[in-house]
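Each remark here refers to the structure printed beneath this line.
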Amino acid sequence: MSKVALITGGSRGIGKETVLSFAKEGYDVAINYLGSEESAQAVLDECLSYQVKAILVQGNVALEEDVKRMVTTVQEELGRIDVLVNNSGITRDKLMLKMSEQDFMDVIDVNLKGTFLMCKYVSKIMMKQRSGSIINMSSVVGVSGNIGQCNYASSKAGVIGLTKSLARELAPRHIRVNAVAPGFIETDMTHVLSEQVKESVSKTIPLGHMGEACDVAKLAYFLASEDSKYITGQVIHVDGGMVM
Ligand code: NAP
């Protein structure tokens with residue numbers, strides 16, 4: 001039986017590259033998205049060209065009912081879940097004094113609560129299987145903080161605490177839980193930054209340039225594979241040396 005990976009936010013950016021890296025290696029994949037149906041369908045079609053099973057699971061990771069429905073669908077249609085990549089994420093950048101409670105809570109709801117809910121319902125299945133690997137997308141700013149991102153940085157720091165706690169809880173059931181902390185990666189999320197900001201950010205990166213989505217996807221694939229079987233509870237940076 002093929003292994004199954006469920007990737008949230010698989011329609012674009014890092015999530016899309018992650019879905020494709022699993023499909024290319026023979027995993028059956030479940031691709032979650034929120035609103036980008038057309039791009040999610042294109043990712044699905046590319047996966048099918050690798051002769052694996054692939055399904056779309058539309059839903060909001062911040063809503064418990066959506067999460068329950070999506071996880072049940074994946075189990076019914078693909079039979080099991082070996083890997084969960086919690087990649088969905090949003091930003092609502094503003095200086096704190098201009099940030100509304102809604103701006104703060106929207107980001108916490110998707111990035112942190114969404115990760116918690118997905119871990120909760122998927123780990124029930126992994127516990128029965130007595131195996132699994134969960135990869136949570138944090139960020140360097142969850143470690144370093146960042147001006148204009150107190151909501152986002154709090155959510156990503158929370159993801160690190162969640163990851164370490166779950167790694168301890170789930171290790172006896174042979175489920176590993178790790179976090180990935182990307183730096184600045186070329187995706188829709190960073191396309192909104194001006195060229196001037198991108199240039200000044202690049203100067204703070206020892207390797208001198210922004211990363212690509214595939215740099216993160218390859219790490220997620222490694223953390224799901226048997227090659228990382230003795231790694232759990234870790235936060236691994238993919239940031240060109242930005243935060244050491
Ligand atoms: P992106 O291009 O903006 O894509 C975000 C993805 O998340 C999309 O697939 C989107 O679905 C999905 N999504 C958003 N809200 C959702 C919700 N409520 N429920 C389900 N899915 C939802 O982002 P990215 O740059 O690839 O980032 C991916 C992850 O890496 C995020 O967690 C981000 O915080 C983290 N990260 C990114 C960077 C970077 O520089 N890019 C750096 C550090 C960390 P739709 O397409 O359907 O809207």
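The values are calculated or read from the model by the stated rules, or taken from the named source; none is laboratory data. None of these values were measured; they are calculated from a predicted model. All Cβ positions, glycine included, derive from the backbone under ideal geometry; neighbour counts span all protein chains shown. For accessibility, only protein heavy atoms count, side chains too; no ligands or nucleic acids. Shrake-Rupley method; radii C 1.70, N 1.55, O 1.52, S 1.80 Å.
Read through the list (1) within 16 Å of the ligand (Cβ to nearest atom); (2) within 16 Å of the chain's Cα centre (by Cα); (3) open to solvent by less than 50 Å² (accessible area, probe 1.4 Å), then give the number of the only condition that Gln58 fails.
Condition not satisfied by Gln58: (3).
Quick one: which residue in Arg80, Arg92 is touching a residue at least 24 places away in the same chain (Cβ under 8 Å), open to solvent by 70 Å² or more (accessible area, probe 1.4 Å) and outside any helix (DSSP H, G or I)?
Within the list Arg80, Arg92, the selection yields Arg92.
Residue by residue, here is whether (1) touching a residue at least 24 places away in the same chain (Cβ under 8 Å); (2) within 12 Å of the ligand (Cβ to nearest atom); (3) among the hydroxyl-bearing types (Ser, Thr, Tyr); (4) open to solvent by 50 Å² or more (accessible area, probe 1.4 Å) holds:
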site: Tyr152; (1), (2), (3), (4): yes, yes, yes, no
site: Ser165; (1), (2), (3), (4): no, no, yes, yes
site: Ile175; (1), (2), (3), (4): yes, no, no, no
site: Pro182; (1), (2), (3), (4): yes, yes, no, no
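For the structure I just gave you, tell me whether Ser123 is in a strand (DSSP E or B) and away from the ligand (no atom under 13 Å from the Cβ).
Details: in a strand (DSSP E or B): no; away from the ligand (no atom under 13 Å from the Cβ): yes.
No: the conditions fail for Ser123.
Do we have any residue at all in segment 13-28 that's open to solvent by 70 Å² or more (accessible area, probe 1.4 Å) and in contact with a strand residue (DSSP E or B) (Cβ under 7 Å, 6 or more places away or on another chain)?
no
Within the set of pairs 6 or more residues apart or between chains, which connect a residue that is within 10 Å of Phe22 (Cα to Cα) and open to solvent by 30 Å² or more (accessible area, probe 1.4 Å) inside segment 207-226 to a residue that is within 13 Å of the ligand (Cβ to nearest atom) and modelled with pLDDT of 95 or more with Cβ atoms less than 8 Å apart?
From residues that are within 10 Å of Phe22 (Cα to Cα) and open to solvent by 30 Å² or more (accessible area, probe 1.4 Å), the pairs are Tyr221/Thr18.
From the residues in segment 108-129 that are over 25 Å from Thr91 (Cβ atoms) and among the hydrophobic types (A, V, I, L, M, F, W, C), which one is most open to solvent (accessible area, probe 1.4 Å)?
Applying the filter and picking the extreme gives Met127.
Looking at segment 2-9, can you tell me whether even one residue there is within 14 Å of the chain's Cα centre (by Cα) and more than 24 Å from Asp227 (Cα to Cα)?
Yes: one or more hits.
Quick test for you: out of Leu63, Leu44, pick the one residue that is out of contact with any Ser or Thr (no Cβ under 7 Å at 6 or more places or on another chain), aliphatic (A, V, I, L, M), more than 18 Å from Asn136 (Cβ to Cβ) and within 9 Å of the ligand (Cβ to nearest atom).
So the residue among Leu63, Leu44 that is out of contact with any Ser or Thr (no Cβ under 7 Å at 6 or more places or on another chain), aliphatic (A, V, I, L, M), more than 18 Å from Asn136 (Cβ to Cβ) and within 9 Å of the ligand (Cβ to nearest atom) is Leu63.
Residue-wise test of (1) within 14 Å of the ligand (Cβ to nearest atom); (2) at pLDDT 95 or above.
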site	(1), (2)
Asn178	no, yes
Thr190	yes, no
Val197	yes, no
Ser202	yes, no
Pro206	no, yes
Ala224	no, yes
Gln234	no, yes
Asp239	yes, yes
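Among the listed residues Val159, Val177, Val192, Val140, identify the single one that is touching a His at 6+ places or on another chain (Cβ under 9 Å) and of a type outside the set (Gly, Ala, Ser). Step through it out loud before you land on a result.
Numbers: Val159 fails: touching a His at 6+ places or on another chain (Cβ under 9 Å); Val177 fails: touching a His at 6+ places or on another chain (Cβ under 9 Å); Val192 fails: touching a His at 6+ places or on another chain (Cβ under 9 Å).
Step by step, each of Val159, Val177, Val192, Val140 is checked, and only Val140 is touching a His at 6+ places or on another chain (Cβ under 9 Å) and of a type outside the set (Gly, Ala, Ser).
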